[in-house]
Number of protein chains: 2
Amino acid sequence: MERVPILKIGDILLVSIQVDMSDQTAVALQEDLAERIVATGCHGVIIDITALDIVDSFVGRMLSTIASISRVLDAETVVVGMRPAVAITLVELGLSLNGIRTALNVERGMELIAADREREYDEFDDSSDAEPTASP
Amino acid sequence: MERVPILKIGDILLVSIQVDMSDQTAVALQEDLAERIVATGCHGVIIDITALDIVDSFVGRMLSTIASISRVLDAETVVVGMRPAVAITLVELGLSLNGIRTALNVERGMELIAADREREYDEFDDSSDAEPTASP
């Protein structure tokens, strides 16, 4: 069985999907990714689909599942590199990739994750400023 | 024909090889990569081979050719993610991957390229300091 490699770059795990995903490959990728998020403490997952000519409902569901798993493990998922034709087909098929964020390329995906992260920290700071007496 | 995607991350082009390389795929990758180096002005190419179980003489030659083309275009090539078994087989086959630099993972490959780049700039500075009167 083919395994999709997961590359760590700073605070981000990068997955480039190039092979046709089977049930097994998809499950293996979900497991590997969850393990790597926990092992590395990364806060972002970028899934590159430049190589995919078609995103059908199976791949769409896989992306949603990966995004949900990552979210539970405190990591943000961004899908990048979608071709124009893929976007058109997705909409025609009525698949809206719910809960999945997209960016044009890896660099923009990284910026998106970094910006999100910063905002979260700011909010955390604000809330701890607001209730300084709440902690013992 | 499958095309291997090329991802731009800062000053680096990242290629993750996951499919079996045919003659056509290899030539297409070399052409795409050369074009992207020129178009982006990137100074580093990282080729990830985590997904490869075997690096035979064909793949070895392809990596060498890519490294040579990149060098002519002023970009450094680093091969990352080689499995232990692949390294052993390579040596047993008598393939030494001449002219190819390797690193354990993408992050180290990036550090290697950044360090090289810095040293080059330093040398350039030194030589221009040493001969200030050589220029008109």
Inset, instruction - With the Cα gyration tensor of the protein assembly as shown in hand, convert its eigenvalues to equivalent ellipsoid semi-axes via √(5λ) and list them largest first in whole Å. - result: 34, 27, 19
Inset, instruction - Whenever you get a sec, compute what percent of the accessible area on chain B sits on carbon and sulfur atoms (1.4 Å probe). - result: 53 percent
Inset, instruction - Place a +1 charge on the Cβ of each Lys and Arg in chain B and a -1 charge on the Cβ of each Asp and Glu, then give the dipole magnitude about the Cα centre in debye, rounded to the nearest 20. - result: 480 debye
Legend entry - Amide H within-cut-off set for A:A103, under 5 Å, with H built and near neighbours excluded: A:V79, A:V80, A:G81
Inset, instruction - Kindly compute the accessible surface that chains A and B hide from a 1.4 Å probe when together, both sides summed, and give it to the nearest 100 Å². - result: 1400 Å²
Inset, instruction - List the residues of segment A:83-132 that lose 20 Å² or more of accessible area once all protein chains are present, compared with their chain alone (1.4 Å probe, heavy atoms only, no ligands or nucleic acids). - result: A:V106, A:E107
Inset, instruction - Take the Cα pairs of chain B, get the Kirkwood Rh, then feed it into Stokes-Einstein at 20 °C and 1.002 mPa s and tell me D in µm²/s. - result: 135 µm²/s
Legend entry - Test item: Cα-centred dipole of the protein assembly as shown, Lys/Arg +1 and Asp/Glu -1 on Cβ, debye: 880 debye
Inset, instruction - Provide a whole-number value for the mean count of partner chain Cβ atoms within 10 Å of the Cβ atoms in peptide B:41-49. - result: 1
Inset, instruction - Mind giving me the nanometre distance, one decimal, between the label points for B:S68 and B:D122, set 7 Å out from Cα along Cα→Cβ? - result: 3.1 nm
Legend entry - Rough spin-label spacing in nm, given labels placed 7 Å along Cα→Cβ, for A:D56 and A:A87: 2.4 nm
Legend entry - Average accessible area per residue (Å²) across segment B:6-130 - probe 1.4 Å, nucleic acids and ligands excluded: 51 Å²
Inset, instruction - Determine the principal axes of the Cα atoms in segment B:1-78, then give the extent along each, sorted from largest to smallest and rounded to whole angstroms. - result: 30, 22, 21
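So if each residue of separation counts as 0.36 nm, and I subtract the Cα-Cα distance between A:R108 and A:D32, what length gain in nm does that give?
24.9 nm
The values are calculated or read from the model by the stated rules, or taken from the named source; none is laboratory data. Predicted, not measured: the structure shown is a model, and the values here were computed from it. Glycine gets a Cβ as well: all are built from the backbone with ideal geometry, and neighbour counts include every protein chain shown. Only protein heavy atoms, including side chains, enter the accessible area calculation; ligands, DNA and RNA are left aside. Shrake-Rupley method; radii C 1.70, N 1.55, O 1.52, S 1.80 Å.
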